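Step one of this worksheet: look at the structure below.
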Amino acid sequence: MNDTYFALLHPPGDHYAWGVAFPDLPGCTSMGDSFEEALVLAADALFGYLDVSTESDFPVPQPCLYAALMKDPDVQADIAEGAVLHLVTMKPID
């Protein structure tokens, strides 16, 4: 199982927190009050998503390569609006 995926971190804008979404993992989202907190909580969300998917025998998509993500129109639009693409490695929740 892969444990590293790209995440899009969306700046607060009109919201108080950084939003996190994983383009390869529909429904895997998180947020944090700061960029750094968003990254930590993104790792927790990734662990939870992969753990539940594995336990439930749901297929887990392979992570896309950076070049493929950069060609995705949705990812391009998010980046144009200020999102940052960042690698996240899962971290078991304590």
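If each DSSP helix of 4+ residues adds -39,500 (n - 2.57) and the sum is divided by the residues in the chain, what number results at 222 nm, nearest 500 deg cm²/dmol?
Working: 3 runs with 35 residues, N = 94.
Result for the chain: -11500 deg cm²/dmol, rounded to the nearest 500.
Is there a quick way to get the dipole size of the chain? I mean about its Cα centre, with the Cβ of Lys and Arg at +1 and of Asp and Glu at -1; what is the value in debye to the nearest 20?
On the way: 2 positive and 15 negative charges, 53 e Å.
Dipole size: approximately 260 debye.
What the Cβ-Cβ distance of MET70 and TYR16 gives, at R0 = 25 Å and to the nearest 0.05, is a FRET efficiency of 0.30.
Only protein atoms count toward the accessible area here, which uses a 1.4 Å probe; on the chain, the carbon and sulfur part of that area reaches 59 percent.
Considering only protein heavy atoms, what per residue accessible area in square angstrom results for the chain with a 1.4 angstrom probe?
On the way: 5660 Å² over 94 residues.
Computed with neighbouring chains in place, this is 60 Å² per residue.
The residue among ALA67, ASN2, LEU39 whose Cα reaches farthest toward the positive pole of the charge dipole of the chain, with charges on the beta-carbon of Lys, Arg, Asp and Glu, is ALA67. Size descriptor for the chain, Kirkwood hydrodynamic radius: 13.4 Å (Cα pairs only, one decimal). Each label was represented as a point 7 Å from its Cα along the Cα-to-Cβ direction; for THR89 and SER34 these points are 2.2 nm apart.
The relative contact order of the chain comes to 38 percent, based on Cα pairs under 8 Å that sit 6 or more residues apart. The solvent-accessible area of PHE6, taken with every protein chain present and a 1.4 Å probe, is close to 30 Å².
The values are calculated or read from the model by the stated rules, or taken from the named source; none is laboratory data. Just so you know, these numbers come straight off a predicted model, no measurement behind them. With ideal geometry, Cβ positions are generated from the backbone for all residues, glycine too; neighbour counts draw on all protein chains shown. For accessibility, only protein heavy atoms count, side chains too; no ligands or nucleic acids. Shrake-Rupley method; radii C 1.70, N 1.55, O 1.52, S 1.80 Å.
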